[in-house]
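Engineer: Starting off with a structure, shown below.
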Ligand code: HEC
């Protein structure tokens with residue numbers, strides 16, 4: 001029965017780590033915690049590397065609206081800029097296939113990187 005036990009622990013671990021998603025960068029930081037808390041309640045907290053800086057700017061603003069619509073506590077100015085700074089710090093320079101649902105891929109170097 002040891003094989004199935006190993007399998008079970010592997011599944012348990014995968015669930016704990018969050019399916020097949022990569023762990024968030026700077027996992028111990030306050031910014032990562034804030035991001036995971038505020039942006040991981042309705043869906044998984046998307047890995048910052050799945051989007052470009054530009055795309056994050058759009059999504060964080062859009063999600064601010066979504067959060068209000070759903071009656072969750074509004075993001076404060078501070079939270080918004082902290083979350084945006086965090087995801088942009090680890091953003092990718094090009095959109096990954098399938099990560100975004102239709103935003104044009106950009107090989108353009110992000111400003112200020
Ligand atoms: C109140 C629930 C809720 C919270 C909280 C929330 N989101 Fe979302 N998010 C959604 C919904 C619903 C969608 C899909 C609808 C849409 O496209 O607008 C979505 C979609 C997204 C997408 C697009 C994913 C894709 O597959 O392309 C990103 C990126 C995203 N959210 C980021 C964030 C970030 C960053 C935060 C924190 C600031 C956040 N979300 C917090 C509900 C939420």
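Engineer: For the range 38-59, give me the residue count where each residue is within 9 Å of the ligand (Cβ to nearest atom) and over 10 Å from the mean Cα position of the chain (by Cα).
Structural biologist: Within the range 38-59, residues that are within 9 Å of the ligand (Cβ to nearest atom) and over 10 Å from the mean Cα position of the chain (by Cα) number 6.
Here's the yes/no breakdown for (1) on the phi > 0 side of the Ramachandran plot; (2) surrounded by 10 or more Cβ atoms within 10 Å (Cβ to Cβ); (3) modelled with pLDDT of 95 or more; (4) outside any loop (DSSP other than H, G, I, E, B):
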site: 8; (1), (2), (3), (4): no, yes, no, yes
site: 13; (1), (2), (3), (4): no, no, no, yes
site: 31; (1), (2), (3), (4): no, yes, yes, yes
site: 35; (1), (2), (3), (4): no, yes, yes, yes
site: 38; (1), (2), (3), (4): no, yes, yes, yes
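Engineer: Quick one: in the range 64-88, which of the residues that are touching a helix residue (DSSP H, G or I) at 6+ places or on another chain (Cβ under 7 Å) and farther than 21 Å from residue 23 by Cβ is farthest from the ligand (Cβ to nearest atom)?
Structural biologist: 74
The values are calculated or read from the model by the stated rules, or taken from the named source; none is laboratory data. This one's a predicted model, so the numbers in the text were calculated from it and none came from an experiment. Cβ sites come from the backbone with ideal geometry, for glycine too, and all protein chains shown count toward neighbours.
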